[in-house]
Structure formats: structure tokens, C-alpha cells
Ligand SMILES: [Ca+2]
Ligand SMILES: [Ca+2]
């Protein structure tokens, strides 16, 4: 194992996993903030040939914002999902990109988004709030391997860095999962409709190893309508 890879692994060895069911990460709008709020998520794999990533976000922001940013040492945008403007979502697989347009997005409610990709076929699909796009060909045979650094709240332009305030996420994130396979349409709809689903094997909100940087808060989520006492 390379020294830097070993150090990278050791950094996470002491990190605890936590069940964040019913919780959210809150990224407040803070115009004076220069501490680059973000959350780093530990992924225990060195290769992602196929994947599904799902999360729910709540945001009034209409400018570009990073939703999920996974960098490798080869490419800062190895697996990256941006909301590029209202209703537009851009997926990046290294230098391969595609922008999905006209996807109805709530500004005052939760949005559930899932992205599937298979390097063997190059097929990509985006799901939003129970609706899906047709398949797009992006990242055919693209190799995502080596050390992985996954974050939410920001967007990497370098491995573990290259942050830009104009790409910051503002709002709430919950129920983030990542699988090493294409989740079925039935399970994806179940995820979006609050039904049951098998949690992610690469990232699991119910057993998450993470590190908070900057002004990020953990609060109760109201995606599932809370019981008030
Ligand atoms: Ca980037
Ligand atoms: Ca950027």
C-alpha cells in the first residue's frame, strides 16, 4: 500500500459510525462565512464501476450548488452531481458531463434525487421526486478507482480541496445513501415515497462515518412529517 494511501486509511480508522436516521445536516446561508462548510463522508472502497447515489435536499438557492462531490487523485470531479441552476442538474464522471434540464424542483420542500451510472454500459439516469429521466450515455468505461474523497456541502476542484464559495450548498441534506449497483426502479420509488429500501453499502445514512468542517449543524429532519408533542 502506498504511504499516502495508508495515511488516508488511518485517518478514518478512528472515526465512528453514527445512525443519522431522522436527522439532517444543516448548511445555513452565512454570507460572511469563509470556513467552507462541508461534510466529508468515508467510503470504504477503491473502485466504483457501477453506482447509485441518492439524497434528499431542501434549498432555496437557485445558483449553482454542489450536491455530491467524490474526488479521486486522478480527477476532482470523478463522481459529481451539481444543481447547476433551477431545474438543471449536471452529472460529472471525470471530464464526461451531461446536464439534465427542466426537472421540477421544490424550493420550499424536500427534493429526493437519485443518480444511477454503470461504466460498462455508460448509461445514466436521474430521478427526482418520484419521476425519472430517460437514459443518457455518459462515462462509458470511465474508471473511478484509488483513494476516494466524498463530500457534501461543497464541490472539490482538487482532491480534498479546491473549494469555491460560488459552488457551496445552502440548505438541508438527509438520507444520503450510495450503492455499488443500480438500485431497481421499484426500490428507487420506494426511497422517494418514504417506503422501505435496503440502505447503501458504500454510504449508509443509518451507519455513517463522517467529519464536519465549518458551520454545519445536525438537526432533526422533517422529511417524514414529525409527530409533535
Ligand atoms: Ca470540481
Ligand atoms: Ca468548483
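For the stretch 162-179, the criterion of being without any contact (Cβ under 8 Å) to a residue 60 or more places away in the chain and either touching a strand residue (DSSP E or B) at 6+ places or on another chain (Cβ under 7 Å) or within 16 Å of ligand 1 (Cβ to nearest atom) (or both) is met by at least one residue. For residue 100, state whether it is more than 13 Å from the chain's Cα centre (by Cα) and touching a residue at least 24 places away in the same chain (Cβ under 8 Å). Taking the combined requirement at face value, the residue satisfies it.
Every number in this text was worked out from the coordinates using simple rules, so none of it is lab data. Everything numeric in this text was worked out from a predicted model, so none of it was measured. Glycine also receives a Cβ, built like all others from the backbone with ideal geometry; neighbour counts cover every protein chain displayed.
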